[in-house]
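So the structure is just underneath, and the comments pick up after that.
Bear in mind that the values in this text are calculations on the coordinates, not laboratory data. In this text, all values refer to a predicted model and were calculated from it rather than measured experimentally. We place every Cβ from the backbone using ideal geometry, glycine too, and count neighbours over all the protein chains shown.
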C-alpha cells in the first residue's frame, strides 16, 4: 500500500455491488447534472470506482481522480480506459491532495464529504488546488432538518455503528454549512430527498456549485 491508501476491501466490494441499484433509482441523472458544463482540468476527490467518468463533458481536458481505497481505485482505473475524456487515477486522500496550488479549473466532490476524516481540511484542500475563478461541484447527502428523522440520524452517527460498516460515512454532517465555512460562496444548490436503495428511507441530498469567496 502507498501513503495515500485507506484499505476497506469489504466495504469496497459491498459498495460496488450495491451501486447499480442507486444508479437505476436516479443517481445516474444526479451525476449528469452534477458534471454538466464542466471544462478544463478537473480534480475529483474520492472517485470511488469511477461512476462519474462516463458523464464528464467533452470540454473537460483532464480528470485527476483521487481515490484512497485500493479496491475501488483498481475499478476506477479500469473505468478510466473507456471514459470519453482523459482520466488519470491517483492514490491520495482528500486532506492532502497530490496537486499544485491553483492548478485545476473545477473540483468535484460526489458522495464523499460524508466520509472524509475532517470536512474542513478536505474543503480547504479543494480550495487550495482550485484556480481563483474555479468552481466546486458537489453532490452529497446531509443531515435532515426536521424531527424525528434528524435526531435519529444523529444517534446512528454518534453510535459509531454506521460509520464502521459504511466506510467511515457520517450521515449527520451539515455539509452545506461546511462548504460555506471553508470559504466558498454557494451559487446554486438543490436539496431533495433520495433513497439509494429500495429498502432505505429517503434522506436529504444536496447538488450544486460554489466558488471560492
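Summary of values
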item	result
Burial ordering of 146, 169, 114, fewest other beta-carbon atoms within 10 Å first	146, 169, 114
Computed lengthening from residue 155 to residue 185, 0.36 nm per intervening residue step minus Cα-Cα distance	7.8 nm
Range of Cα positions in the range 39-110 per principal axis (Å), largest first	28, 28, 17
Calculated over the range 73-168: convex hull of Cα atoms, volume per residue (Å³)	135
Model label zone, residue 203; criterion: amide N under 13 Å from point 7 Å along Cα-to-beta-carbon; scope the range 147-164	149-164
Antiparallel bridges, percent of DSSP beta bridges restricted to the chain (to nearest 5)	45
Kirkwood Rh and Cα Rg combined as Rg/Rh, the chain	0.93
By average C-beta atoms within 10 angstrom, highest first, the peptides 189-199, 53-63	53-63, 189-199
Relative exposure of 17, 137, judged by other C-beta atoms within 10 Å (fewest first)	17, 137
